[in-house]
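First the structure, in the form of structure tokens, and then the observations on it.
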Amino acid sequence: MITVKLYVNNPMGVRCINNEKIARKLQKRYGFEIVILKKGTPGYPNEIKPPSVGINDKLIIKNDTISMEGFERLLQGFLEKGGSVPNMGKTCIFAIEKQERQRYNCMICGGKLEYLEKAITLTCIYCKKVEKGYIHCLQGHYVCESCHGKDSQDVIKEVALTTKEKDPINIAELLMAHPEVSMLGCDNGVIAAASLMAAFKNNPEFDIDDEKILEAIKRTNKQAVSGYCGLTGVCGVTVGIGAAFSIALGATCGKDKESAIVMRVVARITDALASETGPACCKNYVRTALRVSRNLTKEFLGLKLPVTVKNIECIFPEKHPHGCRRFKCLYYKG
């Protein structure tokens, strides 16, 4: 992650960077952490150093406020050459301070991003919208600005309701890579439920519609509570898989066989996840639960579900707050 510090020297303190909207927009688009320090606030330096990257002539100033295009050019110059890049406008001074020099890679596969001089036609991997864009992954992945900044629950619902993918792990990998989905947390349990239900819907043998997908998400959110995997032994991923099977079977508290099957499913999932601790990893749990669900679907529903883990190359090892299990994990490629 790159931290970009903006020092704004503006007597009014309000007109620069369009009331901070540009900063928030770029933070969502590129994954930068953007900190805005206005003159007179703690942390604002006494002096701004002269520019070490001469791109001032390329910036566009409109009504004493730097434009989106100008700001993007400033950031691009910083990434390519490094250093401090002030912009001397009528009332504003911007400087970018490098905290950690590391490009933000593709959020889908972790690969290198390609920055283009001319826009090309790209298709968003989440919502399938076709538009012109300047940044995409060398593997062809592209995420539109709208999807990049959406709330995690909104993204999960939209993808689950619109995807045509029949492999639940492929659906889950796409969702887990979204920047609004936490490394650890109950979003991952919702992803397990939504991915399995979406895969059920896209296989004609299953009687699953959009309403049932949303019901599985709602049930998972009711019972998957952050931190309770360690406090009670009930993982949100297990809850999500249980919700999916419950809906597929039509299980309720008053039913016998259906409820018993759901309990057996949950027990098998929990047992599989217990073998993957040390420390716990929600990404591993989602993959493992969906892999085990393939056998459970065949055993209890009599239906085949295409699930593969062969091509998974985990992009999350460095993001794990408790330390990745690395080679002890099936999905770690080194």
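The values are calculated or read from the model by the stated rules, or taken from the named source; none is laboratory data. Source: prediction; values computed, not measured. Because the Cβ atoms are built from the backbone with ideal geometry, glycine has one as well, and the counts that use them run over all protein chains shown.
Hey, can you tell me all the residues within region 114-126 that are part of a strand (DSSP E or B) and touching a Phe, Trp or Tyr at 6+ places or on another chain (Cβ under 7 Å)? Before you say what the answer is, go through the steps one by one.
As a first pass, look at region 114-126 and keep what is part of a strand (DSSP E or B): 114-123.
Once the filter is applied, which keeps residues that are part of a strand (DSSP E or B) and touching a Phe, Trp or Tyr at 6+ places or on another chain (Cβ under 7 Å), region 114-126 yields 115, 116, 119, 122, 123.
Quick one: would you say residue 272 is at pLDDT 95 or above and over 30 Å from residue 179 (Cβ atoms)?
On the way: at pLDDT 95 or above: yes; over 30 Å from residue 179 (Cβ atoms): no.
The answer is no for residue 272.
Which of the following residues is closer than 30 Å to residue 111 by Cα, surrounded by 14 or more Cβ atoms within 10 Å (Cβ to Cβ) and touching a residue at least 24 places away in the same chain (Cβ under 8 Å): 242, 278, 323, 236?
Checking each option against the conditions leaves just 236.
For region 205-220, name all the residues that are buried (at least 16 other Cβ atoms within 10 Å of the Cβ) and without any contact (Cβ under 8 Å) to a residue 40 or more places away in the chain.
Those that are buried (at least 16 other Cβ atoms within 10 Å of the Cβ) and without any contact (Cβ under 8 Å) to a residue 40 or more places away in the chain: 212, 215, 216, 219, 220.
Go through region 248-259 and give me each residue that's surrounded by 12 or more Cβ atoms within 10 Å (Cβ to Cβ) and either within 18 Å of residue 234 (Cβ to Cβ) or not aliphatic (A, V, I, L, M) (or both).
251, 255, 258, 259
For residues in region 159-202 being charged (D, E, K, R) and in a helix (DSSP H, G or I), which is surrounded by the fewest Cβ atoms within 10 Å (Cβ to Cβ)? Break it down stepwise before answering.
If we filter region 159-202 for residues that are charged (D, E, K, R), which is where we start, we get 164-167, 173, 180, 187, 201.
Next, from what is left, pick out any that are in a helix (DSSP H, G or I): 173, 187, 201.
Values: 173: 24, 187: 27, 201: 20.
Only one residue fits best here, namely 201.
Which of the following residues is at pLDDT below 90, in contact with a helix residue (DSSP H, G or I) (Cβ under 9 Å, 6 or more places away or on another chain) and surrounded by 14 or more Cβ atoms within 10 Å (Cβ to Cβ): 292, 286, 307?
307
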